[in-house]
Amino acid sequence: MPRQAIPEPSKSESTSRWIFALRALRHRNYRLFFGGQSVSLIGTWMTRIATSWLVYRLTGSAWLLGVVGFAGQIPTFLLAPFAGVWVDRLNRHRVLVITQVLAMVQSFSLALLALTNRITIADIIWLSAFQGLINAFDMPARQAFVVEMVEDRADLSNAIALNSSMVNMARLIGPSVAGVIIATVGEGYCFLIDGISYLAVIASLLLMHLGKAEPRGTRSEIITELRQGWTYVTRSVPIRSILLLLALVSLVGMPYTVLIPIFAGGILHGGPHTLGFLMAASGVGALAGALHLASRKTVLGLGRVVTASAALFGIGLITFSQSRWLWLSLPLMFITGMGMMQEMAASNTILQTIVAGEMRGRVMSYYTMAVIGMAPFGSLLAGSVAARIGAPSALLISGLLCMAGALWFWAHLEEVRREVRPIYRELGILPQVAEGIQQATALQVPPQE
């Protein structure tokens with residue numbers, strides 16, 4: 001009997017799959033935001049590369065590179081919880097307009113100083129700290145505002161995954177463009193282009209059609225609201241567990257980028273192009289992970305994705321730390337980037353889905369602390385450990401700790417599910433049929449005397 005051929009997906013089915021993966025773009029406000037941010041984020045990555053290159057060109061000091069990075073990130077760690085309170089109090093749309101205008105001013109200030117050859121390392125440090133201050137308010141507001149742009153909660157996970165895709169696409173394009181511009185006309189023009197790119201996201205925000213803002217409720221003292229947010233986070237097993245895993249991965253895993261230059265030059269015996277290939281492989285993996293999440297139809301099962309992705313990230317770090325061949329290191333970087341991005345995006349989706357609206361800003365401020373705020377401490381930790389025991393051993397330990405975190409989260413997954421299921425049922429995410437079956441079964445069981 002001849003074997004029956006398996007039909008290949010038709011062109012219309014492939015098109016439908018792509019349309020489904022982009023379904024959040026059917027919301028006008030989110031479509032505007034996505035377009036504006038796609039332009040602006042390329043400029044942001046150009047500024048990151050240009051800033052690092054400028055610091056190294058002015059000083060030749062790896063230590064000052066770390067100081068500038070620390071100055072740009074530590075305000076987010078210190079101020080994010082307070083910023084979350086204000087984000088819950090204020091109109092999030094208005095907060096984002098203000099933060100984007102201030103970020104544009106910061107980029108134009110860098111451009112003016114660089115193009116007039118008056119910039120100093122002190123200028124870079126305080127302007128980086130100013131950007132960190134802006135980010136402390138911008139990131140919780142940005143995360144909380146996604147729900148207001150996407151009216152259908154079923155599309156929320158897709159919007160968050162598309163956000164991750166957008167960031168990683170910019171991560172691939174921005175540094176490449178920056179390298180060409182720095183080589184031809186200098187760092188100042190990267191800052192100038194970044195400043196101009198903010199006009200796109202500001203215009204997209206101003207063009208949005210928003211309904212009347214929901215009242216935020218009575219306002220208590222900031223310390224009281226801060227305490228309420230902390231209590232809400234610590235008493236919720238799902239939120240607490242997700243944030244703890246994120247903080248661990250951010251502290252010990254994500255600073256692997258600090259050590260990549262050592263692997264590119266000292267271990268793989270390459271040059272700047274080798275570093276570029278490794279970072280590009282990581283970026284492509286992160287983009288692939290984000291697109292995979294965008295194609296998911298539901299938030300159900302994301303707890304398993306968080307566990308598996310954290311474990312995949314750890315495995316990627318462990319195996320990469322032992323590789324001595326570029327042909328092997330590149331796919332391992334792809335795996336590492338994919339695991340990192342899927343763990344962050346899946347965690348973000350669960351949090352955005354289950355958090356109460358009046359607490360959204362405060363919860364997302366703790367998310368910002370866990371993802372961004374831990375980075376400066378992780379960078380210092382990675383550098384100091386690598387200086388003592390070597391970069392491969394330091395990265396090996398980082399991967400093992402990420403694996404341990406994944407196992408810890410897996411052990412608590414059933415407890416997480418018990419608290420999440422009633423929320424999903426209330427939101428209509430879990431089918432009510434399951435509840436009906438349980439009720440019918442209960443009716444069939446005779447009461448015990």
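All of the numbers you see were taken from the coordinates with simple rules; none came from a lab. What you see is a predicted model, and the numbers here were worked out from it, not measured in a lab. Every residue, glycine among them, receives a Cβ derived from its backbone with ideal geometry; neighbour counts consider all protein chains shown.
Around the amide H of residue 151, modelled in the peptide plane, lies no amide H under 5 Å away from a residue 5 or more places distant or on another chain.
Largest GNM mean-square fluctuation across 156, 192, 210, computed for the chain with C-alpha springs under 10 Å, falls on 210. Using a Gaussian network for the chain with springs between C-alpha atoms less than 10 Å apart, which of these wobbles most: 225, 343, 419? Highest fluctuation among the options: 419.
Backbone phi angles across region 345-351, fed through the Karplus curve with coefficients 6.51, -1.76 and 1.60 (θ = phi - 60°), yield HN-Hα couplings of 5, 5, 4, 4, 4, 4, 4 Hz in residue order; Gly and Pro are listed as x. Taken one residue at a time, the phi angles of region 371-386 give Karplus couplings (6.51, -1.76, 1.60, θ = phi - 60°) of 8, 9, x, 7, 4, x, 5, x, 5, 5, 5, 4, x, 5, 5, 5 Hz. Gly and Pro are set to x. In region 236-428, inverting the average of 1/r over every pair of distinct C-alpha atoms gives 17.0 Å as the Kirkwood radius.
In terms of overall dimensions, the C-alpha atoms belonging to the chain reach 84, 65, 48 Å along their principal axes, ordered largest to smallest. When 223, 262 are sorted by how many other C-beta atoms sit within 10 angstrom of their C-beta, beginning with the fewest, the order is 223, 262. Take every pair of alpha-carbon atoms less than 8 Å apart whose residues are at least six positions apart; their mean separation over the length of the chain yields a relative contact order of 24 percent. Computed from backbone phi, the HN-Hα couplings of region 83-97 come to 5, x, 4, 5, 5, 6, 7, 9, 6, 5, 4, 5, 4, 5, 4 Hz, rounded to whole numbers (Karplus: 6.51 cos²θ - 1.76 cosθ + 1.60, θ = phi - 60°; Gly and Pro given as x).
When 184, 257, 307 are sorted by how many other C-beta atoms sit within 10 angstrom of their C-beta, beginning with the fewest, the order is 184, 257, 307. Distances between placed amide hydrogens fall under 5 Å for residue 355 paired with no residue 5 or more residues away or on another chain. The protection proxy used here, the mean number of other Cβ atoms lying within 10 Å of each residue, ranks peptides 391-403, 94-106 as follows, highest first: 391-403, 94-106.
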